[in-house]
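Okay, so here's the structure we're looking at.
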Amino acid sequence: MTHQNHSSGSEARVLDALRQVVDPELGVNIVDLGLVYGTEIRDGVVHVKMTMTTPACPMEELLMEMVHSAILGEIRDARSVEVDLVWEPQWKPDMMSEAAKSQLGR
């Protein structure tokens with residue numbers, strides 16, 4: 001899910017915007033946590049495929065709001081955001097970036 005319409009933007013711009021979304025419980029952004037599985041921009045609609053650290057994550061609603069706000073605030077040509085919340089593959093700590101692992105003392 002990394003296809004892009006170059007007139008609308010790029011995956012790198014979306015990931016940069018999503019790095020502003022910090023999990024309030026862990027203090028690490030959702031990209032470095034490995035929660036973002038893919039992005040796509042098509043006709044001004046930014047699609048994000050992501051997961052949570054657990055299916056019962058108490059921060060799910062807040063994180064979804066933060067994702068929408070970050071993208072709409074940073075991607076000028078984004079008209080809307082669609083988040084596809086998935087549970088497969090299940091998130092595991094080894095999906096974190098080295099920076100996130102270091103930040104969390106792993």
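The values are calculated or read from the model by the stated rules, or taken from the named source; none is laboratory data. Computed from a prediction, not measured in an experiment: that's the story for all the values here. Here Cβ is always computed from backbone atoms with ideal geometry, including for glycine, and neighbour counts include all displayed protein chains.
Some values worked out for this structure:
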| item | result |
| --- | --- |
| Residue count, region 85-106 (criterion: over 19 Å from TYR37 (Cβ atoms) and either loosely packed, with under 10 Cβ neighbours inside 10 Å or of a type in the set (Ser, Thr, Tyr) (or both)) | 2 |
| Positions within region 77-106 being in contact (Cβ under 8 Å) with a residue 60 or more places away in the chain and part of a loop (DSSP other than H, G, I, E, B), in sequence order | ASP77, ALA78, MET96, SER97, LEU104 |
| Search result, residues across region 32-69 that are of a type in the set (Val, Ile, Thr), in contact with an Asp or Glu (Cβ under 9 Å, 6 or more places away or on another chain), within 19 Å of LYS92 (Cβ to Cβ) and free of Cβ contacts under 8 Å to residues at least 40 places away in the same chain | THR53 |
| Yes/no for ILE75 being among the β-branched types (Val, Ile, Thr), surrounded by 14 or more Cβ atoms within 10 Å (Cβ to Cβ) and touching a Ser or Thr at 6+ places or on another chain (Cβ under 9 Å) | yes |
| Test set (1) over 13 Å from ILE75 (Cβ atoms); (2) modelled with pLDDT under 95; (3) touching a strand residue (DSSP E or B) at 6+ places or on another chain (Cβ under 6 Å) - GLU25 fails condition number | (3) |
| Single residue of region 17-64 satisfying the filter (within 16 Å of VAL83 (Cβ to Cβ) and among the hydroxyl-bearing types (Ser, Thr, Tyr)) that is surrounded by the most Cβ atoms within 10 Å (Cβ to Cβ) | THR39 |
